[in-house]
Amino acid sequence: MTNTPRAIWLGRWLLPVAAGVSAALAFPPFRASQMGWVCLVPLLFAVENCRWGEAFRRGYIAGLVFFGMTVWWIVNVTVPGTVGLIAYLALYFGAAGGLFAVVCGKIARTGATVDGATKDLVLRNLIAAVVASACWVTVEWARGWILWGGFAWNFLGTSEWQTGPLIQFASVTGVYGVSALLCFVNFTFYVTIRRFVRQLAQGVPVRRLSWEFYVAMLLVCLAFICGMREIRSSAGQESRTLRVGLVQADIPQTLKYDPNEKAMILQRHRELTEALLADHLARDRHTVGHPERPGIRRLGYEYHRQIEGAPADRLLRQSRGANV
């Protein structure tokens, strides 16, 4: 980008905000999952030719917008905690912006010159796309594991949860593989648009094929074809219905880690579990789960020992050996 006031304003604010908004649109309640394929393009343009610190700041702005639009509902639990969480999570977007700046810098400093005109190197661009995807996945992995067990919500790959055939390879790579594919496509879009704009600015006829984009589309097609084959191969297999019952005790945040409330927490879980298992529809439950079971592990609760011999334990044995 040039250093005109308009370009500076565009790069510092508009493009990062656009990246955050477009990424957020890919997740509920908006569910525009198509945005996941292009949401990083504005950020890539924003950090082009930036120093690492400035690129981090621009990525941080994108992160503030993204997490502000996707985890705002935590204000129902704590307002200060929500503000702090958004500010913390945005650091990972900042780190991604800094890493993207390094990769985009390599693209901007084209290595071949022919008759005074720069020339793109397809292989180098593809390698840069792979490196950028690896950087993004590494940042997501760090966000999901570092500090207090991590915060693995709203990874880029999870935006495609509605496209079943396309994400079947996640059974091998996990969500990180899907995130990498989306980031790779985003980067090839960036390279293609950048080349197109440069050719228009130089008055050069737009004749160059975007082999990077073709490679990205080939990967998407392969993922889709393999996913369809996986779905069709499993369609003829004998299916088994797994019935699951969930117990959410709704323990207040102010009480969930209080050792003095141990008896109350266990009693509430026991009563709800017994009610679920006693229901005639629940007799065929294979598994009973306690999502976000508050404090049981941290306070050292021996939960299964607490219910052993209790009515819930007897109901478990009557319910075809359901697991809790």
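Could you list, in sequence order, all residues of segment 238-248 that are within 21 Å of Ala275 (Cα to Cα) and loosely packed, with under 11 Cβ neighbours inside 10 Å?
Within segment 238-248, the first condition is being within 21 Å of Ala275 (Cα to Cα), and the residues that meet it are 242-248.
Matches in segment 238-248: Leu242 only.
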(request) Return yes when Asn154 is part of a loop (DSSP other than H, G, I, E, B), modelled with pLDDT of 90 or more and either exposed (fewer than 14 other Cβ atoms within 10 Å of the Cβ) or assigned by TED's automatic domain parsing to the domain that holds Gln202 (or both) and no when it is not. (result) yes
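Condition check ((1) assigned to a helix (DSSP H, G or I); (2) outside the structural domain of Ala95 (by TED's automatic domain parsing); (3) at pLDDT below 90) across all residues:
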residue: Glu140; (1), (2), (3): yes, no, no
residue: Val178; (1), (2), (3): yes, no, no
residue: Leu181; (1), (2), (3): yes, no, no
residue: Arg194; (1), (2), (3): yes, no, yes
residue: Val197; (1), (2), (3): yes, no, yes
residue: Arg208; (1), (2), (3): no, no, yes
residue: Glu212; (1), (2), (3): yes, no, no
Against the definition (of a type outside the set (Ser, Thr, Tyr), surrounded by 11 or more Cβ atoms within 10 Å (Cβ to Cβ) and under 30 Å from Pro291 (Cα atoms)), how does Ile251 come out, yes or no?
yes
Cβ pairs under 7 Å, 6+ apart or interchain, first in segment 125-137 and in the same structural domain as Leu44 (by TED's automatic domain parsing) and under 17 Å from Ser179 (Cβ atoms), second buried (at least 18 other Cβ atoms within 10 Å of the Cβ) and acidic (Asp, Glu), ordered by first then second residue, are Ala129/Glu212
Condition first: farther than 22 Å from Ala132 by Cα and in contact with a Phe, Trp or Tyr (Cβ under 6 Å, 6 or more places away or on another chain). Can you find one or more residues in segment 61-80 that meet it?
yes
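Could you check, for segment 167-179, whether at least one of its residues is touching a helix residue (DSSP H, G or I) at 6+ places or on another chain (Cβ under 7 Å), closer than 13 Å to Leu40 by Cα and aromatic (Phe, Trp, Tyr)?
Here is the first cut: in segment 167-179, the ones touching a helix residue (DSSP H, G or I) at 6+ places or on another chain (Cβ under 7 Å) are 167-170, 175-179.
From the residues that got through so far, the ones that are closer than 13 Å to Leu40 by Cα too are 179.
Add one more test, that the residue is aromatic (Phe, Trp, Tyr), and what stays is none.
Within segment 167-179, not a single residue is touching a helix residue (DSSP H, G or I) at 6+ places or on another chain (Cβ under 7 Å), closer than 13 Å to Leu40 by Cα and aromatic (Phe, Trp, Tyr).
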Screening Val220, Val204 for residues that are under 26 Å from Leu43 (Cβ atoms) and either of a type in the set (A, V, I, L, M, F, W, C) or surrounded by 10 or more Cβ atoms within 10 Å (Cβ to Cβ) (or both) leaves only Val220
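The values are calculated or read from the model by the stated rules, or taken from the named source; none is laboratory data. Given the structure is predicted, the values throughout are model-derived calculations rather than measurements. Glycine gets a Cβ as well: all are built from the backbone with ideal geometry, and neighbour counts include every protein chain shown.
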